[in-house]
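**Q** Below you will find the structure I want to go over with you.
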Amino acid sequence: MTLPTCTRASERPKRRTVLLVEDEPFVREATLGILENAGFEVFSAVNAFDAMKIYEERQANIDLVMTDMVLPDRTGQQLREDLRSHSPEVNVLVTSGYGNAEFAHEEPESHTYFLAKPYSRRGLVEKIENILAGMPLQHLAG
């Protein structure tokens, strides 16, 4: 009888971590579930203030910050700039349900990406996986 070999902890792929910033409870919980089911570790915040607190505490462990464009205390773009003061190369995925073209641009060279709401489970997970893999991105509508 042969026992299956166990993978050492050092050989397992690192579990990727997302800081989710979303003030709408339903959207936050649904997105949290999607990301956790896809294998991501997720920290969540309801506003930019809480997000910065979490980021300052766990910065080294966060691979991507996913933020809504409109938050109660700051915009997603303002939060991105706050994050940049701590870590210039943090990946930031901004989401918005507004059709405003000013929001819908990506700047891969500055680690800033966009995903329109509503997005699908598959579209969200693919987008994040592509960002974290450093792959060329196609604009995913969700």
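The values are calculated or read from the model by the stated rules, or taken from the named source; none is laboratory data. Quick caveat, the model's predicted, so the values are computed rather than measured. Here the Cβ positions follow ideal geometry from the backbone for every residue, glycine too, while neighbour counts run over all protein chains shown.
**Q** When you scan the stretch 83-97, do you find a residue that is surrounded by fewer than 18 Cβ atoms within 10 Å (Cβ to Cβ), in contact with a Lys or Arg (Cβ under 9 Å, 6 or more places away or on another chain), modelled with pLDDT under 90 and not polar (S, T, N, Q), even just one?
**A** As a first pass, look at the stretch 83-97 and keep what is surrounded by fewer than 18 Cβ atoms within 10 Å (Cβ to Cβ): 84-89, 97.
If we keep only those that are in contact with a Lys or Arg (Cβ under 9 Å, 6 or more places away or on another chain) too, we end up with 97.
Those still in the list that are modelled with pLDDT under 90 too: 97.
Checking the rest, the ones that are also not polar (S, T, N, Q) come to 97.
Among the residues of the stretch 83-97, at least one is surrounded by fewer than 18 Cβ atoms within 10 Å (Cβ to Cβ), in contact with a Lys or Arg (Cβ under 9 Å, 6 or more places away or on another chain), modelled with pLDDT under 90 and not polar (S, T, N, Q), which makes the answer yes.
Residue-by-condition table, conditions (1) β-branched (Val, Ile, Thr); (2) surrounded by fewer than 18 Cβ atoms within 10 Å (Cβ to Cβ); (3) at pLDDT 95 or above:
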position	(1), (2), (3)
21	yes, no, yes
30	no, yes, yes
36	no, yes, yes
41	no, yes, yes
45	no, no, yes
52	no, no, yes
55	no, no, yes
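**Q** For residues in the stretch 68-78 being touching an Asp or Glu at 6+ places or on another chain (Cβ under 9 Å) and hydrophobic (A, V, I, L, M, F, W, C), which is surrounded by the fewest Cβ atoms within 10 Å (Cβ to Cβ)?
**A** 70
**Q** Among the residues of the stretch 31-51 satisfying the criterion of being within 13 Å of the chain's Cα centre (by Cα) and of a type in the set (Asp, Glu), which is farthest from residue 118 (Cα to Cα)?
**A** Here the residue is 41.
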